[in-house]
Amino acid sequence: MLSTLLLQVPMDDSWISFDIPSLMQNFWSATFDGLTFGAIYGLVALGYTLVYGVLNLINFAHSEVFIIGCYGVVFTLTSLGFGPNVPTLGPLAIIGDLLLALIVGMIASAVTALALERVAYRPLRKRNAPRLAFLITAIGASFAIQYGIFLVRGASPEPAVTMFQPTPIFDVFGTIVDSQQIIIVIAAIILMVATDQFIRRSRTGRGIRAVAQDPDTATLMGVDRERIIMTTFVIGGLLAGAGALFYVMKVPSGVFYAGGFVLGIKAFAAAVLGGIGNVRGALLGGLLLGLIGNYGQILLGNSQWTDVVAFVVLVLVLLLKPTGILGTSMGRARA
Amino acid sequence: MSISPEAGADLTSHGPTELAELDIAPEVAEGAAPEREISVGVGDNIMEVKNLTVKFGGLVALDDVSFNIKRGEILGLIGPNGAGKTTCFNAMTGVYKPTSGQVLLEGESLGGRQQHKITRLGLARTFQNIRLFGEMTALENVVVGLDARHGTSVLGALFRVPRHRREERTAIERGMALLEFVGIAENAAVLSRNLSYGHQRRLEIARALATDPKVLCLDEPAAGFNPAEKEELMTLIRAIRSDGYTVLLIEHDMKLVMGVTDRIVVLEFGKKLADGLPAEIRNDPRVVAAYLGEPEDDAA
Amino acid sequence: MSTTDGPTLIPDAKAEQDAITRESNRTTRGGFFAPLADRWNRLSRPQQWVFLLIVVAIAYALPVLNPPLITSEPGNDWPITCLQMAIFALVAVGLNVVVGYAGLLDLGYVAFFAVGSYTAAMFTSPDSPYLHIPYLWTLPVAMAVAMFFGVLLGVPTLRLRGDYLAIVTLGFGEIVRILATIIPAMKGQVGFQNVGHPPGTAADGHPIFSNSNGTPWYWLTITVLIVILLLAGNLERSRVGRAWVAIREDEDAAEIMGVPTFKYKVWAFAIGAGIGGLSGALSAGATGFINNQKFDVQTSILFLAAVVLGGSGNKVGAILGGAVVAYLPLRFTAIADYKYLIFGVVLVVLMIFRAKGLLPARQRLLAYGKVTYARVAARSRAEPPSTAGTKIEGTAQ
Ligand SMILES: Nc1ncnc2c1ncn2[C@@H]1O[C@H](COP(=O)(O)OP(=O)(O)OP(=O)(O)O)[C@@H](O)[C@H]1O
Ligand SMILES: [Mg+2]
């Protein structure tokens, strides 16, 4: 119905295009930028994936866990004197300040995640509530936090903070890769590898995997399920807080009350694309989704299309391969 | 919430289960499904399970199992814990896709069919872990089963066409007859999650019968019952058979199964160990060995 | 989730008695309005009809009555407040089919509301270059278009498990908003002015259905609401309602009992979408103007809050919830800015402490259930087993 109506519309103002030359021309810059965004998606996606692993729950409020980390980062940097202009500090001082902001962001997110678990989800688990109740609680909590922020900080984004001037590092096929892109991607990969190793090798990690595979048996085997769940929320929060620093680095004026929401859907799509419950899948899915979104946006000629493309990817993955690219390795195959 | 008149029923209904309820004549089940042709004699193969294999990753839960079910018989499926009995049900009813092998109902292959279509072809089951619709009354649970044979469309229900009214009326009559048959009619208005454990098990049977199956698969219907209750249940199962249903019964209590079944298939570690008359099975050394390795448990 | 094999309790008279006590406790403590529900069920059919007629009469008179204390004036025009409440109630009744009956969490319900609004606007507004039809015709058309979109979204996604459905619908709601922004034909923020209205001119020469007078629109909306309620009631007390509740309770078991679960989930989605579209068309007509700003995720969550607050699965509860969610911010303008925060918290708090909402009620799923249950009760009274007889006296006090 609508599509037949649309066909009559004069296509002069190009709301959609299939601009292949433009894509060709910008291919490499879109790739590097996409990977950068993808690394951030991946860090946030880890939080969804870990919680989904142990609780089989989409923690809708994880996007708010992330945005609170962003506020932590912005407030720290602002109080350290950062602003819209490139700071005039020496490199060591900048690194020190960024590390501080990173720590504050991680703590802010982790505390939020933990509070959510204790206040919202645990009571439901206690009384064995149906799945629907968890999902409604999750969305309600997400919403409440968002509008709590809105009431305190208003609708407009926080003033931009510029952390440093990205410097060109090397040149690939005529496209410059800058220091910012490199820092974000490398740091995200290091964090994710560390998480992966932690889940695989540490005692707590084994506990997380055990609970993900079979909560009842894990409990019988002496795993403290409640503690494992708490730890999982904290790890997800810490990673979201780290993602927050990189997000602020990449999008300095992107911190506002609903900023987490849109990124959250994309991060979740990334988790599903890689295989929800799979730690490595989160990274892979994030990077892929970053690329797809960026290519799609250039091809279709409007930045708003990124979200649409991410959504379509999510639906397609769910339809064609619901277990994602790498499948579920942490959790069991759900019957 | 449902206060009255349902609550009226609630309050009056909870007498202890009367043994007498079980002596209900087969006509009641005829009332529940009057159109079915009753053919009691044990006859040709109604169902064939051919080389059924189910693997979960590396675990072979069912390994090349074949057996037949004859029309009108009570076939026992026994085996120790984890032998693959429930898996066999699941593969037959379309819950699991078999890795290989075939299941035929009256010559028609069930492979690749949707579960609700399999049910409509005439294969019904109960669950080892009771899975009733908790927020529905006992009668409503049974009527969901009866709906499998109804033809009202969504639009028909929306505008309450005559067919809808007719089906609703007969559904209530048949539903009540079925509840009567399994002995819980006085609890028709009770939410199924508030029924006692024993009544829930009976309701599961009534709901499965409501789909008017040719073959009724019961997965440990007597689990958790004491010996007297088990005996009542076996009487009920005999009554079901004498109404012309074919019954496939999982039960690991050997003594119990010997008394009620016509034939027995024994599974162990996913493989078929033996297949024969109760007397043969009882004296089969392999079966005895399988069960000796296993503590006599029905309170698992 | 938990798979406990084997027995949980051995049945005996005591356990049964416990179960019944639990049940009756639960029902008597069943909600703030449970005593009302209780009394309602005790009324005879004719008494219920009389009562209903009175309620309906009051409902129609509401915008004219303008009761003191309850009124939203001077902050907000009272008839328009009534209209908003009616529209929210209608939306909640539609969403209740999806969430309450079938247990499918749709977080993008506003998308169907938007589809209905745009359909009405594009067929009636002078800003739209397309075919124009009389406003009242857009109501069924909006419903059909929204149903079409419901099926379009439902068919691929309803095969998924519930939690995926939630996020996909959430995304879908966002997409519709984005498309309304970037597709030129939807006119973005400029939107459509002068959306149509039903015919009729008042004595003073102005149209009866004007954007400044909420009363006629309110009457139209509650008339539609009553029709929808009756039809939804028909569905509830049929195999359709049973299939939905069975799916909500245990989807796998429902499928094995012969319920074509996918088909009925798509129907729930489509019917819900249709009602959403219908309310969108009514809202667009009443406001006279729509643009891309009204259809955000927040509104979806408000709709969900309405259903959950009223009592998920209960259509009367949905009406109550919808009316409350619309009413509170209009009556108490001081909280208007906080409404999203409040209803977000309300969702969490309700789920933790009171998952059944204000009006917890069970679905009635049999067309002739009432008579049958009465008969069962009467029969057990007539020939009670001796022990049961004493129990009646014991518990009736
Ligand atoms: N969905 C599944 N995924 C993985 N393994 C499974 C699954 N279902 C069953 N199994 C395994 O298959 C084997 C057979 O299980 P099944 O439930 O069929 O046994 P059973 O004979 O019914 O035992 P019981 O008497 O305890 O009910 C078991 O080892 C079980 O752990
Ligand atoms: Mg079993």
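Details
- Counted over the protein assembly as shown, the DSSP beta bridges are approximately 65% antiparallel.
- Estimated from the Cβ-Cβ distance and a Förster radius of 30 angstrom, the FRET efficiency linking A:ASP178 and C:VAL349 is about 0.05.
- Packing rank of C:316-323, A:316-323, where each peptide gets the mean count of other beta carbons within 10 Å, highest leading: C:316-323, A:316-323
- Phi-based couplings in Hz for the stretch C:295-303 (Karplus 6.51, -1.76, 1.60; Gly and Pro marked x): 10, 9, 4, 3, 5, 4, 6, 4, 4
- For the stretch A:215-282 versus the stretch C:168-209, the gap between their alpha-carbon centres in whole angstrom: 38 Å
- Each residue of the stretch C:314-330 was assigned a 3J(HN,Hα) from its phi angle through the Karplus expression (A = 6.51, B = -1.76, C = 1.60, θ = phi - 60°), giving 10, 6, 5, x, 4, 4, 4, x, x, 5, 5, 5, 6, 6, 3, x, 7 Hz with x at Gly and Pro.
- Within a Gaussian network of chain A (alpha carbon springs, distance under 10 Å), most fluctuating of A:ALA194, A:ALA160, A:ALA269: A:ALA194
- Distance between modelled label sites at C:ARG42 and C:THR201, nm, 7 Å Cα→Cβ extension: 5.7 nm
- Charge dipole magnitude, Cβ of K and R +1, D and E -1 - the stretch B:184-300, Cα centre, debye nearest 20: 300 debye
- Whole-Hz couplings from phi, Karplus 6.51/-1.76/1.60, listed for the stretch B:196-209; x for Gly and Pro: 5, 4, x, 5, 4, 4, 5, 4, 4, 5, 4, 5, 5, 4
- Net length gained if the chain between A:ARG127 and A:SER156 were fully extended (0.36 nm per residue, minus Cα distance): 6.4 nm
- The stretch B:192-214 versus the stretch C:223-262: alpha-carbon centroid distance in Å: 20 Å
- Helical mean residue ellipticity (222 nm; -39500 (n - 2.57) per DSSP H run of 4+; nearest 500) of chain C: -22000 deg cm²/dmol
- In nm, spacing of pseudo-spin labels at B:LYS117 and A:ASP171 (7 Å Cα→C-beta vector): 6.3 nm
- Put simply, the amide H of B:LEU62, placed in the peptide plane, has neighbours under 5 Å in B:VAL54, leaving out anything fewer than 5 places away on its chain.
- If R0 is 45 Å, the Cβ-Cβ spacing of A:GLN304 and C:ASN211 corresponds to a FRET efficiency of close to 0.90.
- Hypothetical label at A:SER79: residues of the stretch A:132-156 whose amide nitrogen lies under 17 Å (7 Å Cα-Cβ projection): A:153
- In Å², nearest 10: area of B:SER100 left accessible to a 1.4 Å probe: 50 Å²
- Whether the protein assembly as shown is rounded, prolate or oblate, judged on the alpha carbon gyration tensor where a/c under 1.5 counts as rounded: oblate
- For a straight C-alpha distance cut-off of 26 angstrom, the lysines reachable from B:LYS97 (same-chain residues fewer than eight places away being disregarded) are A:LYS321, B:LYS50, B:LYS55, B:LYS70, B:LYS85, B:LYS117, B:LYS214, B:LYS271, B:LYS272, C:LYS263, C:LYS265.
- Average partner coverage of C:227-237, which counts Cβ from other chains inside 10 Å: 2
- Where only DSSP H runs of four or more residues are counted, chain A gives -23000 deg cm²/dmol as its mean residue ellipticity at 222 nm, each run worth -39500 (n - 2.57).
- Lysines whose Cα lies under 26 Å from that of C:LYS187, excluding same-chain neighbours fewer than 8 positions away: C:LYS294
- Given charges at beta-carbon only (K, R positive; D, E negative), |dipole| of the protein assembly as shown in Debye: 740 debye
- Close amide H contacts of B:GLY76 (hydrogens built in the peptide plane, cut-off under 5 Å, sequence separation of 5 or more or a different chain): B:LEU249, B:ASP262, B:ARG263, B:ILE264, B:VAL265.
- Acute angle (nearest 10 degrees) that the helix C:13-28 long axis makes with the longest principal axis of chain C, alpha-carbon atoms: 30 degrees
- What a 1.4 Å probe finds exposed on the stretch A:29-333 is 68% carbon and sulfur by accessible area, rounded to a whole percent.
- Angle in degrees between helix C:339-353 and the longest Cα principal axis of chain C, rounded to the nearest 10: 10 degrees
- For the peptides C:77-90, C:189-202, the ranking by mean Cβ contacts within 10 Å, running from highest to lowest, is C:77-90, C:189-202.
- Neighbouring partner chain Cβ atoms per residue of C:242-252, average, 10 Å criterion: 5
- Helix C:135-157 vs. chain C, principal-axis angle (Cα, 0 to 90°, nearest 10): 60 degrees
- Peptide B:222-229 has a mean shielding of 2, counted as Cβ atoms of other protein chains within 10 Å of each residue's Cβ.
- Chain pair C, B: total accessible area buried, heavy atoms, 1.4 Å probe, Å²: 6800 Å²
- Estimated FRET transfer efficiency when R0 is 22 angstrom, pair B:ASN226-B:ASN45 (beta carbons, to 0.05): 0.05
- Simple spin-label estimate for C:VAL55 and A:ALA93 gives 7.1 nm between the two label positions (7 Å along the Cα-to-Cβ direction from each Cα).
- For chain A, the membrane-span-like helix rule (DSSP H, alpha carbon extent of at least 20 Å along the helix axis, mean Kyte-Doolittle at least 1.0) picks out A:27-55, A:62-79, A:91-116, A:131-153, A:179-201, A:225-250, A:259-274, A:279-300, A:305-320; this says nothing about an actual membrane.
The values are calculated or read from the model by the stated rules, or taken from the named source; none is laboratory data. Just so you know, these numbers come straight off a predicted model, no measurement behind them. Cβ sites come from the backbone with ideal geometry, for glycine too, and all protein chains shown count toward neighbours. Each accessible area value is taken on the protein alone, full model and side chains, heavy atoms only, with ligands, DNA and RNA left out. Shrake-Rupley method; radii C 1.70, N 1.55, O 1.52, S 1.80 Å.
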